[in-house]
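Trainee: This is the structure, below, for whatever I ask next.
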Amino acid sequence: MDLTEWAYTLSESLLSEPLPRRWAHSLGVAERARSLRPILGEDAELLEAAAVLHDIGYSPAIATTGFHPLDGARFLRGQVGADERVVRLVAHHSCALLEADERGLRQALEGEFELERPALVDALLYCDMTTTPDGTPTTSTERVDEIVQRYGPDTVVGRFIQRAAPEIHAASKRVGERLADFSARGQPR
């Protein structure tokens, strides 16, 4: 079983029944990741695997801290066949360190999981933050607004996403520029 097949199977087993909307979102994020293949080169499969797995920490079967990037990464770390780079991407997806600050878990996240290559961190952030909860494409601005409305501006998630918004938009712009550059030149930069 290759990495992406393993990732889809595992994610589906954890999300499809208890959290079907989260599963739809994860499939949409993975679809976005596939659209980045031209600029990812040999990391394309790795990003797609991380994309479909990024929210498994919400699964009631593995959630322990209530902070899904940490719960998901801890679970993955114990799985046979888990690629360490996928584990790190799940741990740090979508500005997770900022949310960890809000939750008092930054030291745990930083201490347990190293950051992955910035271009891949940007790519996963772009995929997650340009996909709606139902798995359809959106803009990073609409996504941030949707999260603030869904959770409320004064909640842990609301505060975090407002702090993270500048980096979310900047990462989305960087990925968009890489895609545009590839389209113009026919090669990744």
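The values are calculated or read from the model by the stated rules, or taken from the named source; none is laboratory data. Just so it is clear, the structure is predicted and the values come from calculations on it, not from any experiment. Here the Cβ positions follow ideal geometry from the backbone for every residue, glycine too, while neighbour counts run over all protein chains shown. Accessible surface is based on the protein model in full, side chains and every heavy atom, while ligands, DNA and RNA are left aside. Shrake-Rupley method; radii C 1.70, N 1.55, O 1.52, S 1.80 Å.
Trainee: Scan the stretch 58-71 for residues that are on the phi < 0 side of the Ramachandran plot and more than 11 Å from the chain's Cα centre (by Cα) and jot them down.
Mentor: Answer for the stretch 58-71, where residues must be on the phi < 0 side of the Ramachandran plot and more than 11 Å from the chain's Cα centre (by Cα): TYR58, SER59, PRO60, ALA61, ILE62, ALA63, THR64, THR65, PHE67, LEU70, ASP71.
Trainee: A follow-up question, please. Which one is nearest to LEU105 (Cα to Cα), of the residues in the stretch 42-84 that are open to solvent by 50 Å² or more (accessible area, probe 1.4 Å) and in contact (Cβ under 8 Å) with a residue 40 or more places away in the chain?
Mentor: Ranking the qualifying residues of the stretch 42-84, first place goes to THR65.
Trainee: Would you mind telling me which numbered condition in (1) without any contact (Cβ under 8 Å) to a residue 12 or more places away in the chain; (2) over 15 Å from the mean Cα position of the chain (by Cα) PRO118 fails?
Mentor: (2)
Trainee: Looking only at the stretch 172-184, decide whether some residue is more than 22 Å from ALA33 (Cα to Cα), in a helix (DSSP H, G or I) and open to solvent by 20 Å² or more (accessible area, probe 1.4 Å).
Mentor: no
Trainee: Condition first: of a type outside the set (D, E, K, R), free of Cβ contacts under 8 Å to residues at least 24 places away in the same chain and surrounded by 13 or more Cβ atoms within 10 Å (Cβ to Cβ). Now tell me which residues in the stretch 146-160 satisfy that.
Mentor: Hits for the stretch 146-160 are ILE147, VAL148, TYR151, THR155, GLY158.
Trainee: Can you name the condition, by its number, that GLY135 falls short on among (1) assigned to a helix (DSSP H, G or I); (2) touching a Gly at 6+ places or on another chain (Cβ under 8 Å); (3) of a type outside the set (Asp, Glu)?
Mentor: (1)
Trainee: What is the number of the single condition among (1) over 16 Å from the mean Cα position of the chain (by Cα); (2) on the phi > 0 side of the Ramachandran plot that ALA184 does not meet?
Mentor: (2)
Trainee: If we only count helices (runs of 4 or more DSSP H) wholly inside the stretch 37-118, which ones have 1 or more residues that are in contact with a Phe, Trp or Tyr (Cβ under 7 Å, 6 or more places away or on another chain) and over 18 Å from ILE161 (Cβ atoms)?
Mentor: Details: elements: 37-40, 44-53, 68-77, 84-91, 96-103, 106-112.
Passing ranges, in order: 37-40, 44-53, 68-77, 84-91.
Trainee: Could you check GLU5 against (1) crowded, with 21+ Cβ neighbours inside 10 Å; (2) farther than 29 Å from HIS169 by Cβ; (3) not hydroxyl-bearing (Ser, Thr, Tyr) and say which number it fails?
Mentor: Status for GLU5: all satisfied but (1).
Trainee: Something else: Can you find even one residue in the stretch 105-120 that is in contact with a Ser or Thr (Cβ under 9 Å, 6 or more places away or on another chain) and either open to solvent by 10 Å² or more (accessible area, probe 1.4 Å) or modelled with pLDDT under 95 (or both)?
Mentor: So far as the stretch 105-120 goes, yes, one or more of its residues are in contact with a Ser or Thr (Cβ under 9 Å, 6 or more places away or on another chain) and either open to solvent by 10 Å² or more (accessible area, probe 1.4 Å) or modelled with pLDDT under 95 (or both).
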